[in-house]
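Okay, structure first, notes after.
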Amino acid sequence: MELNVSASENINGTLVLPLYEGSESVPESCEVGMPASLKSQINRVLSDGDFKAKKKSTMTLFGGEDGKAILVGLGENDDCTIHDFRKAGAAVTAGIKKSHGSELTVRFDKAGVANMGAFAEGMMLRDYSYDNYKQKDDDEEKVEVSVRITCTEGEEEELTKLVKDYKGICKGVHLSRDLGNCPPNDMYPEVFADMARDWAKSYDNVDVTIINYDEAVKAGMGGLVAVGKGSARKPCMVIFEMNKNVEGRCPLLVGKGITFDTGGISLKPGANMDEMKYDMGGSATVFGTMEALAQTGHEGKVVAITCMAENMPAANATRPGDVIKGLSGKTIEVLNTDAEGRLVLSDGLWKAGEYDPEYIIDFATLTGACVVALGHEATGLWSNDDDFRTRIHEAGNDVGELAWPMPLLPAFEKEMTNSKIADTRNLGAGRWGGANTAAAFLKQFVPNRGYEKDGEQITWAHMDIAGTYWGSKTNTMVKDGATGVHVRTIHHLITKS
Ligand code: BES
Ligand code: ZN
Ligand code: ZN
């Protein structure tokens, strides 16, 4: 889809008309240049109540030789928010058929720049399918749709800029989804690292450093190594740096990148195990966010660390009962090899301290317990700083990606540090509160500023995206597969707040 903004009054191709509930005829401001037969058809379905303009509903009208229209509902004017505009845009893209042709012209009735931009964003976000692995029929060429968002002359400049930013952000979301959807035989730590390295070549303000398996062993990344050593595809850590020469503290993102999670020796049950290809969703979120920032010309410094490994059972795999030691020097009793995300993250979080970041946010498809708690509707959000947690929660609300506050209670920390033989344990005492105990475990590996023993812990938040990174049925921006969630949240957090 090619999307542009213009103040021209022409209607090229199919007209897209967003409408509020209760509209009984074409809004006056939208009438200019509308073919008479099309207009009367639209007026007819509106006055008869055949199209009620309920949120996300669409209807196509063929006005004969005179043109076609897609009507799309925004719901009631009173409670219509920017999110409804975004969803309406996505609903249009979802409903585009060959018969709509290759050109669309969107015309709003005094919607305002922010809402028009969100509509465009929704159209672009929903314009995604993962068909790399399907044979293509040579004669079935895909129609490339070109969309023109029309506005007044006074709005043109601002809307053009907004849409340009959304295009860049959308590239980041779609990159995250591509990474997540890629099958695990083709997406393993080394491939992810190669992709990051290649990506860095296309921008002169980003650098990517890869810590390979041997280097990870040498550096003492015991968590990453313990998880990845049982696989023929060896683990690695990928570090992204943007505008690294900018002075001062910066945001630091950490991602869980388990390219496939069998559970290891604590093998998962067979049903739906294929879904564990999404277990690198955290690393995909981080990579996608860096792409969104690079695309939109972010000038601040940002660092990201992804912890890549494949969790396999093998003769040389980590066993339940093993005690390991990672970068932090703290020992971990591995009681279940399926609780592997926290092990790789323990090294990523500790490593983050080297960059003296303003704050650290980690993203991980960490626990089934989080999906039990919040379903596919919201990400679990924990932080060692209440104000910071609120900022992230609000950034999520602003872009329509929910992140729900969860508790970091001292009791959970106690539970994860009462191993009989090690400093910490990777499994809670029982199954209750499993998403919270996982977060409490991670907190043990968030360094203090300057790694000082009695210093202040770096501001940190943890986002458990086990339920939101895939499988969402209510996310209008996504048909199926990986969702690419939180690229937009974090881009917004970093650039706007
Ligand atoms: N990758 C899983 C978590 C997960 C579950 C993600 C469902 C997406 C959907 C994680 O590594 C895991 O297996 N966690 C265990 C932890 C348990 C052993 C403490 C879990 O949630 O069962
Ligand atoms: Zn696991
Ligand atoms: Zn996992």
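Please count how many residues of the range 209-226 are part of a strand (DSSP E or B) and of a type outside the set (A, V, I, L, M).
Result for the range 209-226: 1.
What residue, of 238, 246, 163, is closer than 23 Å to residue 328 by Cβ and touching a residue at least 24 places away in the same chain (Cβ under 8 Å)?
Answer to the check: 238.
Mind counting the residues in the range 234-268 that are under 26 Å from residue 338 (Cβ atoms), more than 14 Å from ligand 3 (Cβ to nearest atom) and not aliphatic (A, V, I, L, M)?
Result for the range 234-268: 2.
Which condition breaks for residue 473 when tested against (1) surrounded by 22 or more Cβ atoms within 10 Å (Cβ to Cβ); (2) among the charged types (D, E, K, R); (3) at pLDDT below 95?
Evaluating residue 473 over (1) surrounded by 22 or more Cβ atoms within 10 Å (Cβ to Cβ); (2) among the charged types (D, E, K, R); (3) at pLDDT below 95 leaves (1) as the failure.
Given the structure, is residue 403 crowded, with 17+ Cβ neighbours inside 10 Å and within 17 Å of residue 474 (Cβ to Cβ)?
In short, yes.
Return the residue satisfying two criteria in turn: it lies in the range 430-446 and is surrounded by 22 or more Cβ atoms within 10 Å (Cβ to Cβ) and outside any helix (DSSP H, G or I), and of such residues it is farthest from ligand 3 (Cβ to nearest atom). Lay out the reasoning, then the answer.
The first filter runs over the range 430-446 and keeps only residues surrounded by 22 or more Cβ atoms within 10 Å (Cβ to Cβ), leaving 435-442, 445-446.
With outside any helix (DSSP H, G or I) added as a condition, the list becomes 445-446.
Working: 445: 17, 446: 20 Å.
In this case the residue turns out to be 446.
Go through the range 315-344 and report how many residues are away from ligand 3 (no atom under 12 Å from the Cβ) and closer than 30 Å to residue 198 by Cβ.
The number of residues fulfilling the criteria is 2.
Out of all the residues in the range 387-409, is one or more within 16 Å of ligand 3 (Cβ to nearest atom) and in contact (Cβ under 8 Å) with a residue 60 or more places away in the chain? Talk me through it step by step, then tell me what you get.
Quick first cut of the range 387-409, residues within 16 Å of ligand 3 (Cβ to nearest atom) only: none.
No, there is no match, as no residue in the range 387-409 is within 16 Å of ligand 3 (Cβ to nearest atom) and in contact (Cβ under 8 Å) with a residue 60 or more places away in the chain.
Hey, any hits in the range 175-194 for a residue that's among the small types (Gly, Ala, Ser) and buried (at least 23 other Cβ atoms within 10 Å of the Cβ)?
For the range 175-194, residues among the small types (Gly, Ala, Ser) and buried (at least 23 other Cβ atoms within 10 Å of the Cβ): present.
Using the structure shown, decide if residue 261 is under 22 Å from the mean Cα position of the chain (by Cα), modelled with pLDDT of 95 or more, surrounded by fewer than 15 Cβ atoms within 10 Å (Cβ to Cβ) and of a type in the set (D, E, K, R).
So residue 261 fails the test.
Given the condition over 17 Å from residue 238 (Cα atoms) and either of a type in the set (Val, Ile, Thr) or surrounded by fewer than 24 Cβ atoms within 10 Å (Cβ to Cβ) (or both), answer yes or no: does some residue in the range 281-292 qualify? Steps first, please.
So the first thing to find is which residues in the range 281-292 are over 17 Å from residue 238 (Cα atoms), and the list is 292.
Now narrow it down to the ones that are either of a type in the set (Val, Ile, Thr) or surrounded by fewer than 24 Cβ atoms within 10 Å (Cβ to Cβ) (or both): none.
There is no residue in the range 281-292 that is over 17 Å from residue 238 (Cα atoms) and either of a type in the set (Val, Ile, Thr) or surrounded by fewer than 24 Cβ atoms within 10 Å (Cβ to Cβ) (or both).
Would you mention how many residues in the range 69-89 are hydrophobic (A, V, I, L, M, F, W, C), in a helix (DSSP H, G or I) and surrounded by 24 or more Cβ atoms within 10 Å (Cβ to Cβ)?
2
When you scan the range 68-114, how many residues do you find that are hydroxyl-bearing (Ser, Thr, Tyr), out of contact with any strand residue (DSSP E or B) (no Cβ under 7 Å at 6 or more places or on another chain) and farther than 23 Å from residue 22 by Cα?
Within the range 68-114, residues that are hydroxyl-bearing (Ser, Thr, Tyr), out of contact with any strand residue (DSSP E or B) (no Cβ under 7 Å at 6 or more places or on another chain) and farther than 23 Å from residue 22 by Cα number 2.
Could you please tell me which pairs satisfy a Cβ distance under 7 Å, a separation of 6+ or placement on different chains, a first residue in the range 29-58 that is without any contact (Cβ under 8 Å) to a residue 12 or more places away in the chain, and a second residue that is of a type outside the set (A, V, I, L, M, F, W, C) and surrounded by 15 or more Cβ atoms within 10 Å (Cβ to Cβ)?
31/39
Right, residue 312: in contact with a Pro (Cβ under 6 Å, 6 or more places away or on another chain) and either of a type in the set (A, V, I, L, M) or within 16 Å of ligand 3 (Cβ to nearest atom) (or both) or not?
When the stated conditions are applied, residue 312 does not pass them.
Residues being away from ligand 1 (no atom under 13 Å from the Cβ), on the phi < 0 side of the Ramachandran plot and assigned to a loop (DSSP other than H, G, I, E, B): count how many of those fall in the range 227-285.
14
Output the residue which, of all residues in the range 338-373 that are over 18 Å from residue 286 (Cβ atoms) and more than 10 Å from ligand 1 (Cβ to nearest atom), is surrounded by the most Cβ atoms within 10 Å (Cβ to Cβ).
It comes out as 373.
Just checking: which of the helices (runs of 4 or more DSSP H) contained wholly in the range 336-429 hold 2 or more residues that are at pLDDT 95 or above and within 16 Å of ligand 2 (Cβ to nearest atom)?
The qualifying helices (runs of 4 or more DSSP H) are 341-352, 368-374.
Check off (1) under 23 Å from the mean Cα position of the chain (by Cα); (2) free of Cβ contacts under 8 Å to residues at least 12 places away in the same chain; (3) in a loop (DSSP other than H, G, I, E, B) for residue 198 and give me the number that stays unchecked.
(3)
If you go through the range 302-330, how many residues are within 13 Å of ligand 2 (Cβ to nearest atom) and not in a loop (DSSP other than H, G, I, E, B)?
Result for the range 302-330: 3.
Looking at the range 74-108 only, could you name the residues that are touching a Phe, Trp or Tyr at 6+ places or on another chain (Cβ under 8 Å) and within 19 Å of residue 162 (Cα to Cα)?
Once the filter is applied, which keeps residues that are touching a Phe, Trp or Tyr at 6+ places or on another chain (Cβ under 8 Å) and within 19 Å of residue 162 (Cα to Cα), the range 74-108 yields 85, 86, 88, 89, 106, 108.
The values are calculated or read from the model by the stated rules, or taken from the named source; none is laboratory data. Here the structure is a predicted model, which means the values were calculated and not measured. Glycine also receives a Cβ, built like all others from the backbone with ideal geometry; neighbour counts cover every protein chain displayed.
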